[in-house]
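Just below is one structure, and these are the notes that go with it.
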Amino acid sequence: MTNPLEVLSSGLSVARLRVNVLASNIANAETTKTAEGGPYKRKDIVQVAVPNKGSFDSALDRMTLAQPQVAAVVEDNSPARMVYQPGHPDADKDGYVAYPNINVVSTMTDLMSASRLYQANVTAIETVRQMSSEAARISIRS
Amino acid sequence: MKIDKLLDPSLAGIEKAMDLTWKRNQAITSNIANVETPQYRAVDYNFSTELDRAFNVSDPSNQIKQTSSKHMDLSSESGAHLMPDLSGATKPDGNNVDIDIQMGRLAYNSSKYIQAANLIRKKFQILSNAIRQVG
């Protein structure tokens, strides 16, 4: 059977990546020029569950336990937010500046939920660790 | 006298309870790790049915009959009792894990595990006291 700590640590790493991507989106909400040209593009992660089909036992299971994993980090290709700023160095010939299509408020709430998710995984790891140490105490005479 | 006569017969039941709570813990942790995974469906062990089965394994009427020795042994414990957990509502991304239910279950289930571990330890303590306090 799967080691719960293994599943939870992939949960942690996925949650951390999610926080990093959201932080990058917030930090670059007003970035109008990037190395690739054009404004910054909002990034998002594609998360998948990888079923754990290691042993014969788990193959017999009607359902399997799954480990979260990040399949890809994708860019949002929705059109940029055009703001009329004729004096801006990145303004086009009509005086419009392309800003990334990022809603800072909704990104902040996503960030909060991702950090709660990280905490939930930490709590679960702490619980599993406590369970294991209790089992180890069976052999200790007090 | 066999040594296992010294041990309480309920020890096997407690051992089984630890085994099952550990397995249920695996299902719960898998759900917690996949709260944000699109299309992930929550899983759970049906704990009480499993435990009943574990305690009644000595009762022949509860055992599945094997008509050939080549058949798979289904009476013994197998891991194949993971089932869909429908406690949470399905979100727009197809995921149905309710983090609050799962965290509550994690706390409940781990305390059950710790209780069982403590019980086993106590039983061995009682036995070792009985052995040592002679004369």
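Every read-out reported here was derived from the displayed coordinates using simple, explicitly stated rules and does not represent laboratory data. In this text, all values refer to a predicted model and were calculated from it rather than measured experimentally. We place every Cβ from the backbone using ideal geometry, glycine too, and count neighbours over all the protein chains shown.
Observations on the structure shown:
- At R0 = 45 Å, FRET efficiency that the Cβ-Cβ distance of A:Q130 and A:Y84 yields, to 0.05: 0.15
- Taking amide H positions as modeled 1.01 Å from N, with prolines and chain starts lacking one, the residues under 5 Å from A:M82 and 5 or more places away or on another chain are A:Y99.
- Rounded to the nearest whole Hz, the Karplus-based 3J(HN,Hα) values (6.51 cos²θ - 1.76 cosθ + 1.60, θ = phi - 60°) of segment B:101-114 follow the sequence 4, 5, 5, x, 5, 4, 5, 4, 5, 5, 5, 4, 4, 5, with x at glycine and proline.
- Given A:K43/A:K93; B:K16/B:K123; B:K16/B:K112, the pairs whose alpha carbons are separated by over 23 Å: A:K43/A:K93
- Footprinting exposure proxy ranking of A:V104, B:V97, fewest other C-beta atoms within 10 angstrom first, gives A:V104, B:V97.
- Within chain A: Cβ-based charge dipole about Cα centre, in debye rounded to nearest 20 (Lys, Arg +1; Asp, Glu -1): 440
- The listed peptides B:33-44, A:73-84, B:100-111, ordered by packing as a protection proxy, come out as B:33-44, B:100-111, A:73-84 (highest mean of other Cβ atoms within 10 Å first).
- Multiplying the residue separation of A:D44 and A:S139 by 0.36 nm and subtracting their alpha-carbon distance yields 29.3 nm.
- Cα-based helix-to-principal-axis angle, A:4-27 vs chain A, degrees rounded to 10: 10
- Order of A:R116, A:R18, B:R24 - criterion: other Cβ atoms within 10 Å of each residue's Cβ, fewest first: A:R116, A:R18, B:R24
- Sequence ranges A:127-134, B:121-128, ranked by mean other-Cβ count within 10 angstrom, highest first: A:127-134, B:121-128
- Counting Cβ atoms of other protein chains within 10 Å of each Cβ in A:13-21 and taking the mean gives 1.
- Normalised by residue number, the volume inside the convex hull of the Cα atoms of chain A is 156 Å³ per residue.
- Counting only other chain Cβ atoms within 10 Å of each residue's Cβ, the peptide A:127-139 averages 6.
- Under 17 Å from the B:L11 label point (7 Å along Cα→beta-carbon), backbone N, segment B:89-122: B:116-122
- Within the listed set A:A49, A:A15, A:A98, the Gaussian network model of chain A (springs between alpha-carbon atoms below 10 Å) gives the highest mean-square fluctuation for A:A49.
- Listed residues A:T109, A:T127, A:L5: farthest to the positive end of the dipole of chain A (Cβ charges): A:T127
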